[in-house]
Amino acid sequence: SSSRESPSASASASAGTTHIPDGPWVITFDNFLSKEERDVLIHYGHTIGKGFQQSKVRVGTAGSANRTSSTNWINHEALMDPIIIEIQRKLEKVTGYVFPENNFEPLQVLRYGEGGKYDHHHDYFPPHGDRSHGHRVLTIFLYLNDVESGGGETHFRDLGAAAAGTEGMAITPRAGRMLIWPSVLNERPNERDDRTFHGSLPVGEGGIKYGANAWIHIRDYRTPKRKCKF
């Protein structure tokens, strides 16, 4: 049967792994980000460009009732901030330095208000397979605050046992926590892993949730994009 090791809080990052028979691994690290690192990400979310804007479902498409968060991107001069550079180094270390910085999309910072959600979806995007950077192979999600109102869990509908009032597996937001999972099959990295559909459950009454996405591609993502000055 499925079992879950809940990660324990400590002065340094501590890891927990959800064990799923014949399924993908899902790993959490508590205390992965310091308060200063979390505050800097939230600050840039509010201050880069026009600040947080309605999230897009896909690049170039308007938001919808399926995704009611707002987002911003860590780009331009923020990429030179020593704290942002340190966060990037930590993310690379998590992958065992298999994936260098250029394989990462810039960090996307998110804000969910009361009732904010993102219905179940997948981070695999088929057109990526025809581009030089290839598919997203890993997703890292960073939780930037505790959601005191409840809600805001990251929910995998096809994994684990019942949680958060629904079937599937739910990861509770905890300030500084990092969550990582695969989007593709280990043995066939150009194919989607259909078991990792996920969503963000609605934030409770009066609540707010801050987070950040890091998507990692199988090949260099940033070099071809530099002409766009992201």
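Taking region 120-148 as the search range and keeping residues that are among the hydroxyl-bearing types (S, T, Y) and modelled with pLDDT of 95 or more, which one is nearest to D194 (Cα to Cα)?
Initially, region 120-148 is screened for residues among the hydroxyl-bearing types (S, T, Y), giving 124, 132, 139, 143.
With modelled with pLDDT of 95 or more added as a condition, the list becomes 124, 139, 143.
Values: Y124: 9, T139: 14, Y143: 24 Å.
So the residue we want is Y124.
Of all residues in region 169-183, those satisfying the criterion of being under 23 Å from E114 (Cβ atoms) and either of a type in the set (A, V, I, L, M) or modelled with pLDDT under 95 (or both) are A170, I171, A175, L179.
Of the residues that sit in region 150-167 and are outside any strand (DSSP E or B) and at pLDDT 95 or above, which one is surrounded by the fewest Cβ atoms within 10 Å (Cβ to Cβ)? The residue in question is G150. Considering only region 94-113, I want to know if a residue exists there that is open to solvent by less than 50 Å² (accessible area, probe 1.4 Å), part of a loop (DSSP other than H, G, I, E, B) and among the hydroxyl-bearing types (S, T, Y). Looking for residues that are open to solvent by less than 50 Å² (accessible area, probe 1.4 Å), part of a loop (DSSP other than H, G, I, E, B) and among the hydroxyl-bearing types (S, T, Y), one finds at least one in region 94-113, hence yes.
The lone criterion from (1) open to solvent by 60 Å² or more (accessible area, probe 1.4 Å); (2) farther than 29 Å from H128 by Cβ; (3) at pLDDT 95 or above; (4) not basic (K, R) left unmet by D30 is number (1).
If you go through region 168-204 and keep only what is part of a strand (DSSP E or B) and small (G, A, S), you end up with A170, G199, S200.
Evaluating D123 against the criteria (1) under 14 Å from the mean Cα position of the chain (by Cα); (2) not in a loop (DSSP other than H, G, I, E, B) leaves one unmet condition, (2). Pairs linking a residue in region 33-55 that is more than 18 Å from I140 (Cβ to Cβ) to a residue that is surrounded by fewer than 19 Cβ atoms within 10 Å (Cβ to Cβ) and modelled with pLDDT under 95, with Cβ atoms under 8 Å and 6 or more positions apart or on different chains, are I48/N75; I48/H76; Q54/A62; Q54/G63. Criterion first (buried (at least 16 other Cβ atoms within 10 Å of the Cβ), over 16 Å from the mean Cα position of the chain (by Cα) and either of a type in the set (A, V, I, L, M) or on the phi > 0 side of the Ramachandran plot (or both)) does G176 satisfy it? Against the criterion (buried (at least 16 other Cβ atoms within 10 Å of the Cβ), over 16 Å from the mean Cα position of the chain (by Cα) and either of a type in the set (A, V, I, L, M) or on the phi > 0 side of the Ramachandran plot (or both)), G176 does not qualify. In this structure, D194 does satisfy being touching a residue at least 12 places away in the same chain (Cβ under 8 Å), over 23 Å from N72 (Cβ atoms) and under 18 Å from the mean Cα position of the chain (by Cα).
What are the residues in region 78-93 that are charged (D, E, K, R) and either open to solvent by 50 Å² or more (accessible area, probe 1.4 Å) or touching a Ser or Thr at 6+ places or on another chain (Cβ under 7 Å) (or both), if any?
So the first thing to find is which residues in region 78-93 are charged (D, E, K, R), and the list is 81, 86, 89-90, 92-93.
E86, R89, K93 - these are the residues of region 78-93 that are charged (D, E, K, R) and either open to solvent by 50 Å² or more (accessible area, probe 1.4 Å) or touching a Ser or Thr at 6+ places or on another chain (Cβ under 7 Å) (or both).
The values are calculated or read from the model by the stated rules, or taken from the named source; none is laboratory data. Quick caveat: nothing in here was measured; it's all calculated off a predicted structure. Here Cβ is always computed from backbone atoms with ideal geometry, including for glycine, and neighbour counts include all displayed protein chains. Protein only, heavy atoms only, side chains kept; ligands, DNA and RNA dropped before computing areas. Shrake-Rupley method; radii C 1.70, N 1.55, O 1.52, S 1.80 Å.
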